[in-house]
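Data block below; observations after.
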Amino acid sequence: MILVILLIDIKTERNMQIIDITSCVEELVKKCGIEDGICLVYTRHTTTGIVINEAESGLLEDILRRMGSLAPPDSGYLHDRIDHNAHAHLQAILLGNCQMVPIEKGHLDLGTWQKILFVELDGPRHRKVQVKMVPE
């Protein structure tokens with residue numbers, strides 16, 4: 001079994017931001033030459049998330065607003081005594097830190113409207129997303 005591990009560098013620009021990384025991941029799949037297998041996309045950061053959904057601008061804004069209302073800042077979190085970002089950790093828990101996508105015929109096997117989205121919850125920062133691919 002061959003395991004391919006690559007990184008995507010992301011520089012976020014806002015406190016909360018969603019970035020479509022589908023084309024970056026697709027490019028890595030093509031670069032590795034894997035025809036069929038599994039692609040794991042994983043964020044190494046505890047205040048970010050990886051989700052698969054539609055990248056329509058209104059929906060992206062809705063996601064950010066909902067995350068803010070589910071775990072708003074300045075709500076008396078104990079962790080805020082350390083670095084004032086407990087809300088971002090709680091939001092990241094709700095989103096999850098990875099997604100798996102099948103690779104079929106050399107491409108990500110995503111649905112028509114599906115995109116791989118990196119969600120920044122405590123930016124702006126420099127982030128790394130790990131992409132692991134395992135051929136069949």
_Among the numbered criteria (1) over 20 Å from W113 (Cβ atoms); (2) of a type in the set (S, T, Y); (3) more than 12 Å from the chain's Cα centre (by Cα), which one does S57 miss?_
(1)
*Looking at (1) touching an Asp or Glu at 6+ places or on another chain (Cβ under 8 Å); (2) assigned to a loop (DSSP other than H, G, I, E, B), can you tell me which one A88 breaks?*
(2)
*Do we find that I34 is part of a loop (DSSP other than H, G, I, E, B) and surrounded by 16 or more Cβ atoms within 10 Å (Cβ to Cβ) in this structure?*
yes
_Condition broken by F118, with the remaining ones in (1) touching a residue at least 40 places away in the same chain (Cβ under 8 Å); (2) more than 29 Å from S69 (Cα to Cα); (3) not acidic (D, E) satisfied_ = (2)
*Take the residues in region 40-55 that are part of a loop (DSSP other than H, G, I, E, B) and in contact (Cβ under 8 Å) with a residue 60 or more places away in the chain, then tell me which one is surrounded by the most Cβ atoms within 10 Å (Cβ to Cβ).*
T47
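Which residue, of K128, K132, is of a type in the set (K, R) and touching a Phe, Trp or Tyr at 6+ places or on another chain (Cβ under 9 Å)? It would help to see each step written out before you state the result.
Numbers: K128 fails: touching a Phe, Trp or Tyr at 6+ places or on another chain (Cβ under 9 Å).
None of the other options fit; the residue is K132.
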*All but one of (1) touching a strand residue (DSSP E or B) at 6+ places or on another chain (Cβ under 6 Å); (2) modelled with pLDDT of 95 or more hold for C32; which doesn't?*
(2)
*Restricting to region 12-31, what's the tally of residues that are touching a Lys or Arg at 6+ places or on another chain (Cβ under 6 Å) and outside any loop (DSSP other than H, G, I, E, B)?*
2
*Give just the number: which of (1) within 12 Å of M16 (Cβ to Cβ); (2) in a loop (DSSP other than H, G, I, E, B) does M67 not satisfy?*
(2)
_Where D9 falls short, out of the listed (1) out of contact with any helix residue (DSSP H, G or I) (no Cβ under 6 Å at 6 or more places or on another chain); (2) surrounded by 13 or more Cβ atoms within 10 Å (Cβ to Cβ); (3) assigned to a strand (DSSP E or B)_ = (2)
_Members of region 56-96 that are within 26 Å of K132 (Cβ to Cβ) and surrounded by fewer than 16 Cβ atoms within 10 Å (Cβ to Cβ)_ = I93, L94, G96
_I82 vs. criteria at pLDDT below 95 and either under 23 Å from P124 (Cα atoms) or out of contact with any helix residue (DSSP H, G or I) (no Cβ under 6 Å at 6 or more places or on another chain) (or both)_ = yes
*Restricting attention to region 105-115, and to residues there that are out of contact with any strand residue (DSSP E or B) (no Cβ under 9 Å at 6 or more places or on another chain) and touching a residue at least 40 places away in the same chain (Cβ under 8 Å), which single residue is farthest from E26 (Cα to Cα)?*
K105
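The values are calculated or read from the model by the stated rules, or taken from the named source; none is laboratory data. What you see is a predicted model; the values in this text were computed from it and never measured. Glycine also receives a Cβ, built like all others from the backbone with ideal geometry; neighbour counts cover every protein chain displayed.
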